């Protein structure tokens, strides 16, 4: 299984040329009725690693062994192995030649092939996660009341009545803060990738004699046909399985373009004069560029930027990761 994860092949389906524009009528996603059985409900919610982490609870369940195996298969199909490597993180706002840099060693880890979709995040909202304080840092509890959609219901900023637009079910969820992204990852038994891990996945600087560094997941040159940025001419998000030609070697999609991605880490940068960049609130790193990124120099695997952790913007989404040590299903398969 580990070898198959490392050799993940991208989907063969061609890129999506356009998504659903917001000018069209909003079609609320239907409400999914959860099974009364807790284990089957976890399967419906796609909380596969939670199922595996709690497998002892299902020892006497008639479907326990089967569903634990199925959860492992599902995780194997939706995640890819990123090998050990090294990344170089710029330390200044302007990454000019000779500017300060820091090398970071990255251990192997697992990364979701796709960004989290509206349909996936809908299950998190429907589960009442915004009222589950165990998922949120205590300091954020007073801010949960502001994490509302267009109609005042808990959920991403651009939803309505607690529902996403059904036409955008397979598009990346946006309008969520860093804290919402982290809470979702925790809810499914995963986590956000660190900034170094994300850059490792996007640049593929694996440990080898060649020490090859890519600026983009597909190579070293920008190709507007392999990603969704301003110059691609789309003008909005596309489904998370679009642009298979822009995949990283292990099949991870859209690390450049479509939406910026929240990662687990504060943005620590200085000016060219060495003065730290500070703000009134915490700034979390975002990586990869989005559909409306105009400057191509910002849509690379190396460019560092960030946003206020509570920002809920139209062009920031996220994907989840998992440490090898937290993937018992992988160790057992090996």
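The values are calculated or read from the model by the stated rules, or taken from the named source; none is laboratory data. Just so it is clear, the model here is predicted, and its values are computed rather than measured. We place every Cβ from the backbone using ideal geometry, glycine too, and count neighbours over all the protein chains shown.
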Among the numbered conditions (1) at pLDDT 95 or above; (2) over 24 Å from residue 86 (Cα atoms), tell me where residue 334 comes up short. (1)
Yes/no for residue 200 being closer than 15 Å to residue 302 by Cβ, assigned to a loop (DSSP other than H, G, I, E, B), modelled with pLDDT of 95 or more and in contact with a strand residue (DSSP E or B) (Cβ under 9 Å, 6 or more places away or on another chain): no
Mind listing whichever residues of segment 310-331 are within 23 Å of residue 240 (Cβ to Cβ), at pLDDT 95 or above and either in a helix (DSSP H, G or I) or in contact with a helix residue (DSSP H, G or I) (Cβ under 9 Å, 6 or more places away or on another chain) (or both)? 311, 312, 316, 317, 318, 319, 320, 321, 322
Scan of segment 169-181 for residues that are assigned to a helix (DSSP H, G or I) and crowded, with 23+ Cβ neighbours inside 10 Å, ordered by number: 178, 180, 181
Do the conditions hold for residue 293, that is, is it in a loop (DSSP other than H, G, I, E, B) and modelled with pLDDT of 95 or more? yes
Out of 61, 40, report the one residue that is surrounded by fewer than 21 Cβ atoms within 10 Å (Cβ to Cβ), over 23 Å from the mean Cα position of the chain (by Cα) and part of a helix (DSSP H, G or I). 40
I'm trying to understand the selection: among the residues of segment 131-145, which are outside any loop (DSSP other than H, G, I, E, B) and either without any contact (Cβ under 8 Å) to a residue 24 or more places away in the chain or crowded, with 17+ Cβ neighbours inside 10 Å (or both)? 131, 133, 134, 135, 138, 139, 140, 141, 142, 144, 145
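Anything in segment 97-129 that is closer than 16 Å to residue 41 by Cα and not in a loop (DSSP other than H, G, I, E, B)? List them, or say none.
119, 120, 121, 122, 123, 124, 125, 126, 129
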